[in-house]
Every structure is written in structure tokens, then in C-alpha cells.
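*Asks:* The structure's right below; bear with me while I get my questions together.
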Amino acid sequence: MDKRWAALSTLLLALSLLGGCRVENRETRLDPPLAEALDHIALMPNGIGGTPPEIYTIMGKPYRTSSFHLSQGKRLYEWFGCQACHGDGQGGNAPSLIDGWWNYGPDLTSIYASIRDGRPGGMPAFRNRLTNEQIWQLAGYVQVMGAYSPPSAAPGRSDRPQTRPAENRAPAASAPLR
Amino acid sequence: MRRRILLVSAALTACSGCSGWQSALDPQGPAAASLDRLLLGFVLVLGGIWLCVMLVLAAGLWRRAAATPGTARRRSAWAVGGACAATVLVVSGLTLASYLASRAAPLGQDEPLVIRVRGLQWWWEVVYPGADGQDLVTANEIHIPVGRPVRIELSAADVIHSFWVPNLAGKQDMIPGRDNVLTFTAWEAGTYRGQCAEFCGMQHARMAFLIVAESQESFDRWRAAQEAEAAAPAGEEEARGRQVFEQKPCGACHTIRGTEARGTTGPDLTHIASRQYLAAGVLPMTRGALAAWTADPQTIKPGNNMPLVPLTAAELQAVSAWLASLR
């Protein structure tokens, strides 16, 4: 009887290890019609707040919940010079992205619009430098970086020394670095 | 019968590794030659040992056990002692041989040509430092003069890569934050294929490059041509292509010297059509391949960092004409 239990528990343990085989599905190629539709956000007339396109919900809101997209956003944040003004998120010449205060509201649609169209006071428009999907990836990363609640997914950690709390803890501003 | 055919064809497939294209068994420079000698030495010594062990094993199975236990013990003590001594000798001898072979070969009189190569996911940035800070930046194709030592300074931008041109030298890792150096010489003019030799992500297998070894004169000609800015558009279509390239996101990542495109995160495309391959050894350089790659890079090399930029058919025609004219 004892042996049986041992065998059964070993089997169960081995089966539970199979859970580690689950990998995140990386969607590296977004169909062009979907990418085109992703641009149709409905923005409030004052440019603050709005609703994302329907297709974003149908796709399962991937830009906040997928580590792959968040990592792409993190790479774009470094590649497209965001650090020049926003630093690693603490701000500098431009507002901080992790202090919990959003000049144009905390929702993804506003952040998308800010990146795509720019904002008065120096934020340039990236409409002609990033594709629609890249803007969503970057917006998702920026939102997660300063989120009030811990996100379910996070980008990879930097190899460089950390200059601020990592992206996957929350709330952003109150978390001590050291 | 069928099994024999399978065995023979497997052996023949293995033999194809001996041909010249990207093969360590066809050395074309002193560094690769010393590795080749080392490999031969290892094969001979270890093959000999294997043969001896098999002979002793066969003899042991064949013969009867010795009659008197005393002599048997003495004999087996000799055998074990001898085998241990031989193991120590062989291992230390081979270690010494491989140390001597992997030591940098003496450079000789010539001052080496310095080239900086940076590994990125999944392509190679190649920089020829200039005298007055005017570096020549290109990608995925490294031209070197024949007979002159080349000092490759290796670095990595994102993850660990490894620089390997089997015909010319051994592997050298490219590690973020730690610069390595590899020095080699090519004996003969030719085109040698290289490949990333450290798993670096989704498209590790499609991260190849070419070394083109040529005479000093043709190397100088090549370098002068590469240092020039991109040629002015030859026709109306090319001019339109250049305009599209500058206005669309292309220029945010790629540099084409002499135009508004000044991005540095993607490969320099100033003379892209002069290279033999596109996208780090994935496609042969033709206008069709350029168009296919521009239209849908994520199907050809999934996961690479070039996004699918939506272009109309006319824009795609124009851009591919412009890129194909950048010789």
C-alpha cells in the first residue's frame, strides 16, 4: 500500500512539473488589417481619456498582459530616445512616468494618443517613426511602469544596474529602491 | 539492404562537412590550420586508444582466467597502474597541445587591420575605425585583405553571441560588457561563411555573415566605395523610393548616408545592394528579395526587430528600386 502511495505521489509530482512546459505565445506578426484597425481609438475631445478600438478587446488586450509585448515596449523605450527626456521613468526634462500622476489620464488610450500624436510642451509625435503595434507595445510598457497595481506580466530585467524599482512591483512611486 | 543504403547515405552526408563552405576541415588561414592539426592529433591519439581498449577487451573475453590467483593479482595491478599512468599522460599531453594551438598565433611584421564587430539579435554590425574618427559602418559582410592579419574586436549589444568563421579561425564569444579579440589571417582570396555559434534567441540559426578576403588593391577600392555617400536616385522611381524611405518609419532605425535616414538601431543600408546577402544570410541580394523582406520581414525571419511597416504596392515598388540601386 505504501509503495502505491509513493508511486502515485511521484507521478503527481512529475505531472505537476509539466506545468513548467507552458510558454507564452509570442505573436510576432500582427496581420496588417488588425494593425490598421488598432489605430482607430476614440479619444475625448480634450485629448484625455477615450476608448481603445474594439479589436483591442477582441484580441484579449495583449499589450498589458503579455511579457513579450512588454519587453518589446521596453526595447522601444530605449531605442527611440524616450530616456533622453523621461529618464528611466523618473522624468527629467519631461514628466515622470512612475510618480502615479498622469497629465493626460492613466488609461492606455491616452498614452497611445500621447505617443502617436505628441503633446504640447515638447512631446514629439511618433506617428511616422513607429508602427501602430509598436506604439501599443510602448504604451503598454509605459503604463505598466507606473501602474498603481502590480501587473500580471513584466518585461525582462535590465542587465544594467537598476536606477528605479523594477517594472513588476507596485505601486510605483512608493516602492523604495534600496 | 535498405539499412545499408541508409548507413551509406548518412556517411556521405557527414562527408559533405569536409567540403570548403563553412568547414573547419578546410582551413584557409594559420589559426584554422593549427586547429585542424589539433583535431587530427586528437582523432589519431584517441582513435588509437579506442583500438587498444577494444583489443584488450577482445583478448580478455577470448582467453580463460589465469590459473593461479597470485599472478593474476600482480598482473591486474600492472594493468590498472599502466592504464592510469597512460590516462594522465594522454590527458595532460592533449591539454598542452590544445593550449598551444589556441594561443594567439604570432602576428609577424604586418600591423593588423582592426575591425569592430558587434553582435545583435540577429545580425552583425561591422565598423572599420577611420583615422579621424570617421568610422565606416556596414553590416553582415566583412571585407579583409588577403595575407594581412585582421584583429576583430568583438562586442555584443543584447545577449551573448559567438563569432565563428570555421575556415579562418576558432570560435570567440561576444559577451555584453566584456570585449573579446580574435586575430586571424586569410591565406587565399575567397568568400568564407561565418555563423553565430552561441544560441542567442529565436533566429540564432539565421544569423550568418560573410568574410570576403581579397587583394589589398580591391579591398582599398571596396573601402573607398563604401565610404562614399549613397548615390543620388537614378530615376523617378528611385527618387520616390527615397522619399518613402525617409517619410515612413524606415529611417527611424536605418541609416542611409546622404539622406534624412539616420537611425542607428538597425543595419546601415548605405550600400546594401553591394552585399551578397540580405538579412544576415537569409536571402540572396536581389530586388525581389528586398521587396519581399520590406513587405513582410516577420514571415521571413519571425521575431526579428524589424516591424511590418504597411506600404502600398506603389510604395513598395519604389522603395525596392531605391534600395536595389544602393550599390
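*Asks:* Round to a whole angstrom and tell me the spacing of the C-alpha centers of the stretch B:135-207 and the stretch B:286-323.
*Replies:* The stretch B:135-207 and the stretch B:286-323 have Cα centres separated by 27 Å.
*Asks:* Still on this structure, please answer the following. Computed from the mean reciprocal separation of all distinct C-alpha pairs, what Kirkwood hydrodynamic radius does the stretch B:192-327 have, in Å? Don't skip to the end; give the middle numbers.
*Replies:* Values: mean 1/r = 0.0636 Å⁻¹.
For the stretch B:192-327, inverting the mean 1/r across all distinct Cα pairs yields 15.7 Å.
*Asks:* What is the average number of partner chain Cβ atoms found within 10 Å of a Cβ in A:71-83?
*Replies:* Details: counts 0, 2, 0, 0, 4, 3, 0, 1, 7, 4, 1, 0, 0.
Average neighbour count from other chains, rounded to a whole number: 2.
*Asks:* Which value in nm describes the separation of the simple spin-label points at A:Ser16 and B:Leu89, placed 7 Å from the Cα toward the beta carbon?
*Replies:* The answer from the label model is 5.6 nm.
*Asks:* Here's a follow-up. Using only the alpha-carbon atoms, how far is helix A:2-17 inclined from the longest principal axis of chain A? Give it as 0 to 90 degrees, nearest 10.
*Replies:* The angle comes out at about 20 degrees.
*Asks:* Right, something else. Relative to the present Cα-Cα distance, how much length would full extension add between A:Ile58 and A:Arg29 at 0.36 nm per residue of separation?
*Replies:* On the way: separation 29, 0.36 × 29 = 10.44 nm, distance 1.67 nm.
That works out to 8.8 nm of additional length.
*Asks:* Same structure, new question: Per the Kirkwood formula on distinct C-alpha pairs, the Rh of chain A is how many angstrom? Don't skip to the answer; put the middle values down first.
*Replies:* Values: mean 1/r = 0.0558 Å⁻¹.
Kirkwood hydrodynamic radius for chain A: 17.9 Å.
*Asks:* A follow-up question, please. Using the Kirkwood formula over every pair of different C-alpha atoms, what hydrodynamic radius in Å results for the protein assembly as shown? Please list the in-between numbers first.
*Replies:* Values: mean 1/r = 0.0364 Å⁻¹.
Kirkwood hydrodynamic radius for the protein assembly as shown: 27.5 Å.
*Asks:* With θ set to phi - 60°, apply the Karplus curve 6.51 cos²θ - 1.76 cosθ + 1.60 along the stretch B:139-156 and write out the HN-Hα couplings as whole Hz, x wherever there is a Gly or Pro.
*Replies:* 8, 6, 9, 10, 9, 9, x, 6, x, 9, x, 10, 10, 9, 9, 9, 9, 9
*Asks:* Over the stretch A:15-80, how many percent of alpha carbon pairs lie in each 5 Å bin up to the one with the longest distance?
*Replies:* Cα pair-distance distribution for the stretch A:15-80, in percent: 4, 13, 16, 19, 21, 13, 6, 4, 3, 1, 0.
*Asks:* Sticking with this structure for a sec: Can you list the residues, at least 5 places off or on another chain, whose amide H is less than 5 Å from the amide H of B:Ala186, using H built in the peptide plane?
*Replies:* It is B:Gly147, B:Arg148, by chain and number.
*Asks:* Okay, next question. Report, to the nearest 10°, how far helix A:132-145 tilts away from the longest principal axis of the Cα atoms in chain A, using its own Cα long axis and a range of 0 to 90°.
*Replies:* Helix A:132-145 sits at roughly 70 degrees to that axis.
*Asks:* How big is the gap, in Å, between the Cα center of the stretch A:118-171 and the Cα center of the stretch A:35-61?
*Replies:* When both Cα centres are located, 18 Å separates them.
*Asks:* Turning to a different aspect of this structure: Using only Cα atoms and rounding to the nearest 10 degrees, what angle (0 to 90) does helix B:30-62 make with the longest principal axis of chain B?
*Replies:* Once rounded, one gets 30 degrees.
*Asks:* Something else: Could you list which residues have their amide H under 5 Å from that of B:Phe209, counting only those 5 or more apart in sequence or on another chain, with H placed in the peptide plane?
*Replies:* Amide H neighbours of B:Phe209: B:Gly194, B:Gln195.
*Asks:* Calculate the spin-label point distance for A:Thr65 paired with B:Ala131, positioning each point 7 Å from the Cα along the beta-carbon direction, and give it in nanometres.
*Replies:* 6.2 nm
*Asks:* Moving on to the next point. Along each of the three principal axes of the Cα atoms of chain B, give the extent in whole Å, ordering the values from largest to smallest.
*Replies:* Each principal axis gives a Cα extent; for chain B these are 99, 55, 34 Å.
*Asks:* Further, regarding this structure: If you take the beta carbon distance between A:Trp101 and B:Ala225 as r and set R0 to 45 Å, what does 1/(1 + (r/R0)^6) give as a FRET efficiency, to the nearest 0.05?
*Replies:* That gives a FRET efficiency of 0.25.
*Asks:* Just the Cα atoms of the stretch A:62-153, one point each, no solvent: what log10 I(q)/I(0) does Debye give at q = 0.16 Å⁻¹?
*Replies:* Rounded to two decimals, the profile gives -0.56.
*Asks:* Taking 45 Å as R0, compute the FRET efficiency from the Cβ-Cβ separation of B:Arg327 and A:Ala166 and round it to 0.05. Walk me through the numbers before you get to the answer.
*Replies:* Working: r = 47 Å, r/R0 = 1.05.
Working from the Cβ atoms, E equals 0.40.
*Asks:* Here's another thing I want to ask about it. Treating only the Cβ of Lys, Arg, Asp and Glu as charged (+1, +1, -1, -1), what charge dipole size does the stretch A:58-178 show about its Cα centre? Round to the nearest 20 debye.
*Replies:* Details: 13 positive and 8 negative charges, 26 e Å.
In debye, rounded to 20, the stretch A:58-178 gives about 120.
*Asks:* Between B:Gln276 and B:Ser215, what FRET efficiency follows from the Cβ-Cβ distance if R0 is 22 Å, with the result rounded to 0.05? Mind showing how you got there, number by number?
*Replies:* Values: r = 18 Å, r/R0 = 0.82.
For B:Gln276 and B:Ser215, the calculated efficiency is 0.75.
*Asks:* On to the next question. Averaged over peptide B:303-311, how many Cβ atoms belonging to another chain are found within 10 Å of each residue's Cβ? Kindly include the intermediate steps, with their values, before the conclusion.
*Replies:* Numbers: counts 4, 1, 5, 0, 12, 8, 5, 6, 1.
For this peptide, the per-residue mean of nearby foreign Cβ atoms is 5.
*Asks:* Taking θ = phi - 60°, what integer Hz values does the Karplus form 6.51 cos²θ - 1.76 cosθ + 1.60 yield along the stretch A:119-130, in sequence order, with x for Gly and Pro?
*Replies:* Result, rounded to whole Hz: 9, x, x, x, 5, x, 8, 9, 3, 9, 10, 10.
*Asks:* Also, quick follow-up: Please give the length that would be gained between B:Met54 and B:Ser102 if that part of the chain were fully extended, namely 0.36 nm times their separation in residues minus their C-alpha to C-alpha distance (nm, one decimal). Spell out each step's value before the answer.
*Replies:* Numbers: separation 48, 0.36 × 48 = 17.28 nm, distance 3.15 nm.
14.1 nm is the gain from fully extending B:Met54 to B:Ser102.
*Asks:* Ignore the peptide's own chain and count Cβ atoms of other chains within 10 Å of each Cβ in A:20-28; give me the average, rounded.
*Replies:* 2
*Asks:* Whole-Hz ³J(HN,Hα) for each residue in the stretch B:175-188, computed from phi via Karplus 6.51 cos²θ - 1.76 cosθ + 1.60 with θ = phi - 60°, x for glycine and proline: what do you get?
*Replies:* 10, x, x, 9, 8, 10, 10, 10, 10, 8, 10, 9, 6, 10
*Asks:* Can you tell me what share of the DSSP beta bridges in the protein assembly as shown is antiparallel? A percent to the nearest 5 is fine. Before the final figure, lay out the partial values.
*Replies:* On the way: 32 of 44 bridges.
The antiparallel fraction comes to roughly 75 percent.
*Asks:* Once you place label points 7 Å from the Cα toward the Cβ at B:Arg74 and A:Ser158, how far apart are they in nm?
*Replies:* Roughly 7.5 nm, to one decimal.
*Asks:* May I pose another question? Return the long-range amide H neighbours of B:Leu113 (sequence gap of 5 or more, or a different chain), with a cut-off of under 5 Å between placed amide H atoms.
*Replies:* Counting only residues 5 or more places away or on other chains, the set is B:Val150, B:Arg151.
Values quoted throughout were computed directly from the atomic coordinates according to the rules given, and no laboratory measurement underlies them. Since the structure is predicted, the reported quantities are computational estimates derived from the model, not experimental observations. All Cβ positions, glycine included, derive from the backbone under ideal geometry; neighbour counts span all protein chains shown.
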